[in-house]
Amino acid sequence: MISLLKLERLPRHQRLRKILKLICFAEKELPRVSDRDTDLVELLVRDPDFSPAAASALREARSALREAEAAPGQDGRSPARRALNTVRHILLAETGRQTADWDFLDTGGKLDPAKRRVFPGMFIYLEDIRSPFNVGAIFRSAESFGVEKIILSPLCADPEHARARRSGMGCVDLVAWRRNGLDPLDELASTGLPVFALESGGTAPGEFAFPKQGVMLTGSEELGLSGKALDMAGASLGRLTIPTYGAKGSLNVAVAAGIALQAWAAALV
């Protein structure tokens, strides 16, 4: 492992990138905290080129790590964990990296399928959602609110993509899913289940008649649901709309799906 003296002699950008890697390793090693972790932050504290806010946060992190060396916290919100997390994100920003979903650590441990409550017949259909991040986020909401199965269109992003798995936080392995064939809406129609569209121009969640069993249709980030999907919903339960009050007038598809699924689950409970 590179020595602290050698680290200090490296050019600043190279030094920060190497310390970032070491801090990532230290964060994964928690709750064990070593004096080397504190020494790495000490190197950063001595760097005069950080902004005042970052420098102040680094000094606080150094103090928290010094205390944790003697009494490491076991809890996920321990001062040591928060300190290392803060240092990592300061370094990500300082080295010119935009923090992405895969930069966040999942500290929740392995999920227990036995703890999951499922509402039989509660399905969600994803039509051509392109972002793996959005697909993973929808899986996370689906797991939280009891969805039995997620159905994907042929062109929907892959739940097994690394970014989908990262934003899904283990839920891709808990929620059953399948990818329908070339005519997925025809396959859905053959099930005989009622369907409704998560789309503008419909009924708010507090007034919507959620079915005991059915399929919520959710469309792509850019174009929403296809005309065929909207016609299918129109012939069944219609449209569910999340009211908004801002200038934008629309929500990220994963956020909207989470709100809708919570309302559906609350109606079933």
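The values are calculated or read from the model by the stated rules, or taken from the named source; none is laboratory data. From a predicted model like this one, the values you see are computed outputs, not experimental measurements. Heads up, the Cβs are rebuilt from the backbone with ideal geometry, glycines too, and the neighbour counts pull from every protein chain shown.
Here is a yes/no grid of residues against (1) surrounded by fewer than 21 Cβ atoms within 10 Å (Cβ to Cβ); (2) under 18 Å from D186 (Cα atoms); (3) assigned by TED's automatic domain parsing to the domain that holds S226; (4) among the hydroxyl-bearing types (S, T, Y):
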position	(1), (2), (3), (4)
V118	yes, no, yes, no
M122	no, no, yes, no
Y125	no, yes, yes, yes
A142	no, no, yes, no
K149	yes, yes, yes, no
Considering each residue of region 57-105, count those that are surrounded by 12 or more Cβ atoms within 10 Å (Cβ to Cβ), at pLDDT below 70 and in a loop (DSSP other than H, G, I, E, B), and give that number.
6
Given P184, P211, which one is closer than 22 Å to F145 by Cβ and surrounded by 15 or more Cβ atoms within 10 Å (Cβ to Cβ)?
P211
Being part of a strand (DSSP E or B) and touching a residue at least 40 places away in the same chain (Cβ under 8 Å), is that true of even one residue in region 223-244?
yes
Filtering region 243-269 down to residues that are surrounded by fewer than 19 Cβ atoms within 10 Å (Cβ to Cβ), touching a helix residue (DSSP H, G or I) at 6+ places or on another chain (Cβ under 9 Å) and among the β-branched types (V, I, T), which residue is farthest from F145 (Cα to Cα)?
V255
